[in-house]
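Chemist: Handing you this structure, nothing more for now.
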Amino acid sequence: MTSTRPRVFPEVRSHCPYCAFQCGMTLSVGSDGLPEAKADPSFPVNNGQMCIKGFTSGELLQRSDRLHHPLRKSVSGSFAKVSWDQALDEIAERIINIQRTNGPDSIGCFGSGALTNEKAYLLGKFARVALRTRMIDYNGRYCMSSAAAGQNRSFGIDRGLPFPVADIAGAKTVMLWGSNLADTLPPIMQYFERMQEAGGRIIVVDPRLTSTARQAHLHLQLTPGSDVILANGLLHLAIEMKRIDQTYIRSRTVGFEQVRSAVSRYTPDLVERVCGIGIDKLRQAVIWLSEERSMLLSGRGPEQQIKGVDGVCAMINLMLAMGHVGKPFSGYGTLTGQGNGQGGREHGQKSDQLPGYRSIENLTDRLEIARFWGIPETELPRKGLSAVEMLRSLGQQIRGLLVFGSNVAVATPDSGHVESGLQSLDLLVVTDSFLNETSQYADFVLPVTQWAEEEGTMTNLEGRVIHRRPLVEPPEGVRTDWWILCELAKRLGRSEQFNFSEPKDIFDELAQATRGGRADYSGINYDKIDRNDGVFWPCPSKDHPGTPRLFADRFFHEDGLARFVPVEHRPAGEMPDQTYPLYLTTGRYKEQYNSGAQTRKVGSLRSARPMPCVQVHPRLAERLGLEEGEPAIVSTRRAGAEFIVQITTDIRPDTIFIPFHYGGKEAVNRLTNPALDPVSRMPEYKICAARIEPKPTEPDLLEDSDYGQA
Ligand SMILES: Nc1nc2c(c(=O)[nH]1)N[C@H]1C(S)=C(S)[C@@H](COP(=O)(O)OP(=O)(O)OC[C@H]3O[C@@H](n4cnc5c(=O)[nH]c(N)nc54)[C@H](O)[C@@H]3O)O[C@H]1N2
Ligand SMILES: Nc1nc2c(c(=O)[nH]1)N[C@H]1C(S)=C(S)[C@@H](COP(=O)(O)OP(=O)(O)OC[C@H]3O[C@@H](n4cnc5c(=O)[nH]c(N)nc54)[C@H](O)[C@@H]3O)O[C@H]1N2
Ligand code: SF4
Ligand SMILES: [Mo]
């Protein structure tokens, strides 16, 4: 591979491109003359640690397959280079023509939790003001939407962690519910180590014995999808064991009686029968959790289900009843995933939201933002379709799509359907630094700067707004997403509202737009972030220090009280049956990130995890004749695909696991179920019904199997 060598600014402190931990990072020039990422010892979240993905991220800055020119698909189906003006003029013209024929909502925008706050804000504004379309949503719908909806219901606000991560070190018990953070947020383990040194313990709730569960004092290896039964069952038992805090319930919450009656039928017997967890473990969990300084932190396990929102409320009910929420080193939090998964859900790239976490269906919110943007309220579009629904209507209601920061062809459930949709569009525009499985279907691919080549802000998993500073000079020919949005807006006749010369200007507008909203950034600016290593929102005025800890005195409902929300178990969208007798669940490897569009390009990560394997319990393997290292066909009602078998006692015998970081024939999302949570519209990535069988060895047998059939 030939390398382009960017000029490095070694003295600058910035942050990692990937997850919501947003480790502090610097770049230096390695002995081979190439950029090398280093962990910033002085950033107070990672404290000099990073994971393998961060350490190897410099490789992305000098790859020869980096895009340097806008590409346009020619009639022959191959990409040809065009100038920026040609690309932008033609895209704008095609948008205008499509909207003229099919109406404003025929153009959709798809955003991302990888985008800076500035880009996320501008994309939301672009869709509503320049395109005037209802159709905008983003991949945070796949990630944080259930946790967000659950926290809003219970607390009246959605900030992933209501306290700094360093508080974990001061806890006595931490229950990790469906989070494999030893692999997905590795530097966070420093806080767990400190907590354990002080005698603290970890409880893990996961159907798999993960690297996180190996470090736990108690592992509740539940049946996939039985989370609400377990959470309600723990509360049932806590009430019976008199391990709840009546004074707290009376003074800080409403609705406990309904929840008490809702959980009355969730007996230890039921939990044992459905979740497969015995009473001794349940009792132990209740005793530890009910002691002071207890935290419950959830990951995507219980959230990526069609009852994800209810699952979150059930976990919060438990922590409220025990009186933990708002006390030091205690409470509930969700572990946000993407780099700007938190900020990305606050500034209006979600179909139902306006900046500052305002609602697009609330008249007061609409009037405020319409005035701020200088348009009549009647011109502001209403709520559009959620991510999966939007992608499933490509080619029908939606004729053109603009994608910023998501590899939807790999990341979306039932991805075969999405791929057909992408192919049927009149216009697909993808902005990215590299080609990926989604942009292969694009009419235009616009090359953008990578994280280390641009400026902006991100909001990490704690709600701390941080400054992403340029670590290298961008290569020639690339532009930023925000510049592209401004240039397109001009061509769509909206230059006045998109007149920005640098990210700081966008941030200052964004901050003002959030004034008085639930996620109030109005007292934050770049200087303040720089002086303080980040500022926690809400920060409603210039002299306000920011808010590291929430809920000490009040919750964010008008009466200041938290809500108990009664919830009932529901079966998964698809349950195992005779034809598809197993649970298929999906998730992550430590060495790959999300759709893999970035990490599959990094040599050491690719060799560490070159392909997805299917985890199978030895008993299941024996029964079905599956062999370690041999190919097997996994099929569901959507499709079948081939995966290499990995036999391990780390998984339940009724469940198989496949990571989703790979594209094409290796994409597990060809198999997953696009069923959605009715409230959050989160897809059920964590459960569908599947079958596995050894791959037939005779080539002619292949034709008889339903491999690859929908
Ligand atoms: N290495 C790495 N790190 C990452 C990412 C990455 O792709 N790779 N992505 C980032 C992003 S965007 C996100 S959202 C986070 C995700 O971080 P996590 O939530 O930690 O990751 P997952 O592997 O998706 O799911 C966590 C666990 O849920 C379990 N699970 C499956 N089904 C169920 C169930 O029914 N109930 C319960 N309780 N658990 C279940 C799985 O076995 C898995 O171990 O990671 C972030 N960090
Ligand atoms: N089966 C299954 N599927 C899942 C999940 C699961 O657990 N199981 N998890 C879901 C979750 S939690 C998530 S977050 C999604 C993630 O999946 P995706 O939405 O596909 O996210 P990434 O793989 O991070 O893709 C990011 C793309 O954006 C590009 N990019 C990065 N930064 C920028 C930027 O600033 N501008 C532009 N224009 N492009 C940028 C990268 O190069 C890459 O091509 O997958 C979801 N899909
Ligand atoms: S991927 Fe996450 S944990 Fe790993 S270095 Fe980057 S920010 Fe830190
Ligand atoms: Mo995510």
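The values are calculated or read from the model by the stated rules, or taken from the named source; none is laboratory data. The shown structure was predicted, so the numbers you read here are calculated from the model rather than taken from an experiment. FYI the Cβ positions are ideal-geometry reconstructions off the backbone, even for glycines, and counts take in every protein chain you see. Protein only, heavy atoms only, side chains kept; ligands, DNA and RNA dropped before computing areas. Shrake-Rupley method; radii C 1.70, N 1.55, O 1.52, S 1.80 Å.
Chemist: Starting from the stretch 633-660, keep only residues that are part of a loop (DSSP other than H, G, I, E, B), then list their pairs with residues that are away from ligand 4 (no atom under 16 Å from the Cβ) and open to solvent by less than 10 Å² (accessible area, probe 1.4 Å) whose Cβ atoms are within a distance under 6 Å, requiring at least 6 positions of separation or different chains.
Modeler: 636/671; 636/688; 636/690; 638/671; 639/671; 653/620
Chemist: Further question: For the stretch 408-419, which residues satisfy the criterion of being open to solvent by 10 Å² or more (accessible area, probe 1.4 Å), touching a residue at least 24 places away in the same chain (Cβ under 8 Å) and either under 30 Å from residue 7 (Cβ atoms) or in a helix (DSSP H, G or I) (or both)?
Modeler: Correct list: 411, 416, 417.
Chemist: Give me a count of the residues in the stretch 29-62 that are in a loop (DSSP other than H, G, I, E, B) and buried (at least 16 other Cβ atoms within 10 Å of the Cβ).
Modeler: 10
Chemist: Here is a follow-up. Out of the residues in the stretch 569-596 that are among the acidic types (Asp, Glu) and within 16 Å of ligand 2 (Cβ to nearest atom), state the one that is most open to solvent (accessible area, probe 1.4 Å). Quick ask: steps written out before the conclusion?
Modeler: So the first thing to find is which residues in the stretch 569-596 are among the acidic types (Asp, Glu), and the list is 574, 577, 591.
Filter once more, keeping what is within 16 Å of ligand 2 (Cβ to nearest atom): 574, 591.
Details: 574: 18, 591: 38 Å².
Per the stated criteria, the residue is 591.
Chemist: For the stretch 344-354, does any single residue satisfy the condition of being within 16 Å of ligand 3 (Cβ to nearest atom) and either crowded, with 19+ Cβ neighbours inside 10 Å or part of a loop (DSSP other than H, G, I, E, B) (or both)?
Modeler: yes
Chemist: Having 2 or more residues that are within 16 Å of ligand 2 (Cβ to nearest atom) and of a type outside the set (Gly, Ala, Ser) is the bar; report the helices (runs of 4 or more DSSP H) wholly within the stretch 268-325 that clear it.
Modeler: 300-303, 308-321
Chemist: Moving on. Assess whether residue 452 counts as being in a helix (DSSP H, G or I), among the small types (Gly, Ala, Ser), touching a Lys or Arg at 6+ places or on another chain (Cβ under 9 Å) and within 29 Å of residue 159 (Cβ to Cβ).
Modeler: Yes.
Chemist: Out of all the residues in the stretch 603-623, which are closer than 19 Å to residue 185 by Cα and either within 16 Å of ligand 4 (Cβ to nearest atom) or surrounded by 23 or more Cβ atoms within 10 Å (Cβ to Cβ) (or both)?
Modeler: Hit for the stretch 603-623 is 605, nothing else.
Chemist: Residue by residue through the stretch 247-267, note down the ones that are assigned to a helix (DSSP H, G or I) and within 18 Å of residue 314 (Cα to Cα).
Modeler: Hits for the stretch 247-267 are 248, 249, 252, 256, 257, 258, 259, 260, 261, 262, 263.
Chemist: Please give the number of the condition residue 20 fails out of (1) touching a residue at least 40 places away in the same chain (Cβ under 8 Å); (2) open to solvent by less than 40 Å² (accessible area, probe 1.4 Å); (3) more than 25 Å from the chain's Cα centre (by Cα); (4) farther than 17 Å from residue 446 by Cα.
Modeler: The number of the failed condition is (3).
Chemist: Restricting to the stretch 240-251, give me the number of residues that are out of contact with any helix residue (DSSP H, G or I) (no Cβ under 8 Å at 6 or more places or on another chain) and either over 22 Å from residue 554 (Cβ atoms) or in contact (Cβ under 8 Å) with a residue 24 or more places away in the chain (or both).
Modeler: If we filter the stretch 240-251 for residues that are out of contact with any helix residue (DSSP H, G or I) (no Cβ under 8 Å at 6 or more places or on another chain), which is where we start, we get 240, 242, 246-247, 250-251.
Imposing the further condition that a residue be either over 22 Å from residue 554 (Cβ atoms) or in contact (Cβ under 8 Å) with a residue 24 or more places away in the chain (or both) reduces the set to 240, 242, 247.
Looking only at that region, the number is 3.
Chemist: I need every pair where a residue in the stretch 357-386 that is on the phi > 0 side of the Ramachandran plot has its Cβ under 7 Å from the Cβ of a residue that is part of a helix (DSSP H, G or I), sequence separation at least 6 or different chains.
Modeler: Short answer, once both residue conditions are applied: 374/497.
Chemist: Further question on the same structure: Quick check on my filter: what residues within the stretch 168-196 are open to solvent by 10 Å² or more (accessible area, probe 1.4 Å), touching a residue at least 24 places away in the same chain (Cβ under 8 Å), assigned to a helix (DSSP H, G or I) and within 17 Å of residue 330 (Cα to Cα)?
Modeler: Those that are open to solvent by 10 Å² or more (accessible area, probe 1.4 Å), touching a residue at least 24 places away in the same chain (Cβ under 8 Å), assigned to a helix (DSSP H, G or I) and within 17 Å of residue 330 (Cα to Cα): 169, 170, 194.
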